[in-house]
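For reference, the structure discussed in these notes is given below.
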Amino acid sequence: MGEDTILVVDDETDLLIGLERTLTMEFDCRVMTAENGRRALEIMAEHSIDLVLADVLMPEMDGLALLEHVKRLDPAITVVIMTAYGTIEKAVEAIKKGAYDLIQKPLDEERLFHLLKKGLERNRLVRENTRLTEEIGRKETLGRMVGRSRSMRAVFEKIHMLAQSDATVLIRGETGTGKELAARAIHRFSRRGRRSLTTVNCPALPESILESELFGYRKGAFTHAVADHTGMFDQADKSTIFLDEIGDLTLPVQTKLLRVLQDKEVRPLGSSRSHQVDARIIAATNQDLEQRIEHGQFREDLFYRLNVATLDMPSLDAIREDIPLLVDHFLNRIAREQDKAVKSVAPEVLNHLMSRNWPGNIRQLENLIRGWYAVLPDPVITTRHLAADSRIEETAVCVVDLERPYLELKDRAIEAFTRDYLNQLLRKTRGNVSAAAQLSGMKRQSLQKIIKRYGIDVQRLRP
């Protein structure tokens, strides 16, 4: 028990000195003392405390008030209340408010030692349970991200690295590549992981309310503002806020967000004062922010503030070797969710999935498999099912893409075609760029630029 720390809080100096000496000898642990509740909170802000032994009657802040502060600070801390004759009613109230137990003054040493021993054991059990719960949660979070390819292994390693700091992270990648899953994993593994992640889907919130939802507002700030409203940044205080599709933010909101990143301050609508907020920012985008900067649609200074650390999520086209693993993962997960027998996929279907185009990436693949469970009753999916019901694939694509504007969908269709064309072309020439340029009718330099722009790994296509 050498790592245990007991904090004794009492306004009787002699009692503090006696208990410090006695408990140190009996428990071989660190014993700290405080003469009042406020001093106890100062100590707890600087040191890790396992058990608090506090008197119920103290000036300024009594034992009950201290108990409430301790439980808000860390519910795992065990609190034992000392009470004198005539304060039983307060002691009972302390039990109701979360005290582990109480002991009456003058203290019976044998009972005190027994209580503290059990209290420390309780503390260790609670902390171990919390640790195991967090570890399970982390495994489950990362377990939803599947892949053994070199690209995905690099993603997993970077997630672990990013989780060790509080740096702002910009996650980039096409729609459906798992940007939100990556953000959740970074948060879950971080020191802020005990608190809930606040997620903001920027395009889903109308421009008229986005600013008030992010930063909050004061009563009377505008019509219908009948009470103060806490913004999402304040909700994420001491935690993490995930701004999904940040490229869609308007310039006025970008300006306010820049202030948060620079000064760590938020000013609610209708307020003349800003206040500090401690929220880590993780942002994600599927857009070319550099191009939006050139067109005056995104602030360059905000981009550099967001781009402190970058995580690039590979497209499904870039990790085709992970498709069998992903298919198996989704077949099993969806079956569990829907309480159905697990379907299997014929080898020729798997070959089809690995060779076809995936403009909607991993999300599109998942939607396709959900369609199988919804429409196809057979336990094994064969090419006959794909030919008989090709609309399943069409539905899966629509679910992913039809929420976006026409021009964006058009650009993605062109991009998807280009990626598919380049991959087929380079497979045919076995990674020989000169031969590919000749087949395509393009100059070799032009083809190389397009290959680089789309991040095609030519090496993996060579024998």
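Where a number appears in this text, it was derived from the coordinates with a stated rule and is not lab data. What you see is a predicted model; the values in this text were computed from it and never measured. Please note: Cβ atoms are built from the backbone with ideal geometry, for glycine as well, and neighbour counts cover all protein chains shown.
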* Structure fact -> Checked against the structure, the computed volume of the Cα convex hull per residue in Å³ among (1) 215; (2) 161; (3) 249 is the one labelled (1)
* Asked: Leaving out same-chain residues fewer than 8 places away, which aspartates and glutamates sit with a Cα under 16 Å from that of LYS158?
  -> ASP166, GLU180, ASP312
* Work out from phi, with θ = phi - 60° and the Karplus expression 6.51 cos²θ - 1.76 cosθ + 1.60, the ³J(HN,Hα) of each residue of the range 297-303, listed in order in whole Hz, and give x for Gly and Pro. => 9, 9, 6, 5, 5, 5, 4
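Can you tell me the dipole magnitude for the chain around its Cα centre, using point charges on the Cβ only (Lys, Arg +1; Asp, Glu -1), in Debye to the nearest 20?
Details: 68 positive and 70 negative charges, 534 e Å.
Roughly 2560 debye, rounded to the nearest 20.
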* **Dipole axis of the chain (+1 Lys, Arg; -1 Asp, Glu on Cβ), positive-most option in MET161, LEU326, LEU120** => LEU326
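Among the listed pairs LYS71/LYS117; LYS179/LYS264; LYS219/LYS264; LYS71/LYS97, which are separated by more than 18 Å between their Cα atoms? Provide the component values of the computation, followed by the final result.
On the way: LYS71/LYS117 20 Å; LYS179/LYS264 24 Å; LYS219/LYS264 23 Å; LYS71/LYS97 9 Å.
Those over the limit are LYS71/LYS117; LYS179/LYS264; LYS219/LYS264.
Kindly provide the helix-only [θ] at 222 nm of the chain, computed as the sum of -39,500 (n - 2.57) over DSSP H runs of four or more divided by all residues, to the nearest 500 deg cm²/dmol? Present the calculation step by step, with values, prior to reporting the outcome.
Numbers: 20 runs with 242 residues, N = 463.
The helix contribution divided over the chain gives -16500 deg cm²/dmol.
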* Amide H to amide H under 5 Å from MET82: which residues, 5+ apart in sequence or cross-chain, H placed 1.01 Å off N in plane? -> ALA54, ASP55, VAL56, ILE103
* Asked: When the Cα centres of the range 146-198 and the range 305-381 are compared, how far apart do they sit, in Å?
  -> 20
* Asked: Cα centroids of the range 3-25 and the range 213-286: how far apart, whole angstrom?
  -> 45
* To do: Could you pull out every one of the aspartates and glutamates with an alpha carbon less than 20 Å from that of LYS340, ignoring same-chain neighbours closer than 8 positions?
  => ASP328, GLU366, ASP378
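Arranged by the count of other C-beta atoms within 10 angstrom, fewest first, what order do GLU35, GLU300 take?
Details: GLU35 16, GLU300 13.
Ascending number of Cβ neighbours within 10 Å: GLU300, GLU35.
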* Which lysines have a Cα lying under 26 Å from the Cα of LYS343, excluding residues fewer than 8 positions away in the same chain? -> LYS139
* Structure fact -> Rounded to the nearest 5, the percent of DSSP beta bridges in the chain running antiparallel is 10
* Enumerate the amide H contacts of ILE381 below 5 Å, restricted to partners 5 or more residues apart or on another chain; note that Pro and chain-start residues carry no placed amide H. => SER344, VAL345, ALA346
